Amino acid sequence: MIKFLDLQKINLQYQQEIEEELINVFRSGWYLLGDRVKTFENNLSNYIKSKYVIGVSNGLEALRLILKGYLELGVMEHGDEVIVPANTYIASVLSISENGLIPVFVEPDPYTFNIDISKIQEKITSKTKAIMIVHLYGQVVFSEELKSLAKKYKLKIIEDNAQAIGAEWKENKTGNLGDAAGFSFYPGKNLGALGDAGAVSTNDAELAQAIKALANYGSQKKYINKYRGVNSRLDEIQAAVLNIKLKYIDQDNQKRREVANYYLQNIKNSKIELPKIEDCLKNKEHVWHLFVIRSKYRDNLQGYLQNNNIQTLIHYPIPPHKQEAYSIYSQLQLPITETLSREVLSLPISSQITQEELTKVIIHLNQF
Ligand SMILES: *Cc1c(COP(=O)(O)O)cnc(C)c1O
């Protein structure tokens, strides 16, 4: 079986380094809010060139805390609107509704799968306070147009950077393009921990301070509570693993580009539509968290690959507005998002997939 993602193999590359650090944490007797978290926050902040990084417990919490921070600082209030791509993982939307804010969905560009920036302006109202962009599948979505739109309407730009660590737009890394960003280090992400982990980045000192407190019961000083906070901390074990793996992220992302390039060069089947990208090997705007193809015969194709021992996944089979959890939005007309959910298929991709495996995937894709 060719696995969609072989996490064991990915992590075994760093076996010795990781095992040593896990023992060090164990023996240190210090498991939360320690030096390894501080080091990771500094390392990530240096990597993306953002002033402040706060380690938190996962990617959803990172996004939720950014919005909670803005609520506490009076930048937003309950009932305000946040623009969000209709074509995203549900976590982006949950972070908004969990804070008593209203998600306003915008259709994707069908070629990049990312939010269609030209369709944002028509959704802006007097209640709009932010645009949450999602660099979906690892591809940057950003432009001068977006920046000026945000400036004109005084909107915050929040990046959901769960899928695109290491990607760049004009030599600036994702996570440092807007006002604040949320990262996920879920094990299957490009930078994956050995469990849940996440981070917030921002250049806004006030927001950073608020989030740091909010993630720790709303407390800046032990037993003094400024906010009604939550417990959403990154722990030392995960930070130790992330410090090791962060050193290799660029090299890892480059391997993903090589795999993507190989797929792009070799998949030849009129029933399959490939992602469109120029200069795949050098293009830093994509870190290929996922390699997503489209096909009108998606379900048959997935079954065919499965029968040939090739595991694929669908990101995502049901868009957020069609989920039972968001039945209040089920009447919305978002046809591009809905079409994509019926046609997309994610192929195996990682830095550890072998040439032999790739050859096999391509043979079967071309035979279908
Ligand atoms: C993974 C993911 C999240 C949530 O991250 P967790 O760490 O799993 O909570 C949010 N948004 C997107 C786009 C994601 O892919």
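Some points to look at:
- Max mean-square fluctuation residue, GNM over the chain, Cα-Cα springs under 10 Å, options I293, I224, I318: I224
- Euclidean distance between Cα centres, the stretch 30-80 to the stretch 340-367, Å: 35 Å
- For the stretch 319-368, with all protein chains in place and a probe radius of 1.4 Å, 52% of the accessible heavy-atom surface sits on carbon or sulfur.
- Of the solvent-accessible surface of the stretch 111-155, computed with a 1.4 Å probe and all protein chains present, 51% belongs to carbon and sulfur.
- For K156, the residues whose amide H sits under 5 Å from its own are A130, I131, ignoring neighbours fewer than 5 places away on the same chain, with H placed 1.01 Å from N.
- Surface composition of the stretch 159-258: carbon and sulfur make up 44 percent of the accessible area, probe 1.4 Å.
- Nearest-10 value in Å² for the accessible area of L155, using the 1.4 Å probe: 10 Å²
- When R228, R294 are compared by accessible area at a 1.4 angstrom probe, the order from most to least is R228, R294.
- Coarse-grained scattering of the stretch 219-362 at q = 0.13, 0.16, 0.21 Å⁻¹, given as base-10 log I(q)/I(0) from a Debye sum over alpha-carbon atoms: -0.80, -0.99, -1.24
- Accessible surface for the stretch 127-179, divided over its residues, is 36 Å² per residue with a 1.4 Å probe.
- Among the protein heavy atoms, those of I272 account for about 20 Å² of accessible surface (1.4 Å probe, every chain in place).
- Solvent-accessible area per residue for the stretch 326-368 (1.4 angstrom probe, square angstrom): 47 Å²
- With helices as the sole contributors, the chain gives -11500 deg cm²/dmol at 222 nm; each DSSP H run of n ≥ 4 counts as -39500 (n - 2.57), and the sum is divided by every residue.
- Among S341, S148, S45, residue whose mean-square fluctuation peaks in a GNM of the chain (springs only between Cα atoms under 10 Å): S148
- Residue order for E285, E338, E122 - accessible surface, 1.4 angstrom probe, largest first: E122, E285, E338
- In this structure, the pairs whose alpha-carbon distance is over 24 Å, taken from K119/K271; K127/K276; K38/K129; K51/K156; K3/K49; K9/K255, are K119/K271; K127/K276; K38/K129; K3/K49.
- Computed over protein heavy atoms with a 1.4 Å probe, the accessible surface of the stretch 184-287 works out to 49 Å² per residue.
- With both residues required to sit in the chain, DSSP beta bridges show an antiparallel share near 60%.
- Surface accessible to a 1.4 Å probe, D109 within the full protein complex, Å²: 50 Å²
- Gap separating the Cα centres of the stretch 197-272 and the stretch 148-163, nearest whole Å: 18 Å
- With the convex hull constructed from alpha-carbon coordinates only, the chain shows a mean projected area of 18.3 nm² over all directions.
- Residue with peak Gaussian network fluctuation, the chain [Cα springs, cutoff 10 Å], from A208, A150, A325: A325
The values are calculated or read from the model by the stated rules, or taken from the named source; none is laboratory data. Since this is a predicted model, take the numbers as computed values, not measurements. What goes into the accessible areas is simple: the full protein's heavy atoms, side chains included, and nothing from ligands, DNA or RNA. Shrake-Rupley method; radii C 1.70, N 1.55, O 1.52, S 1.80 Å.
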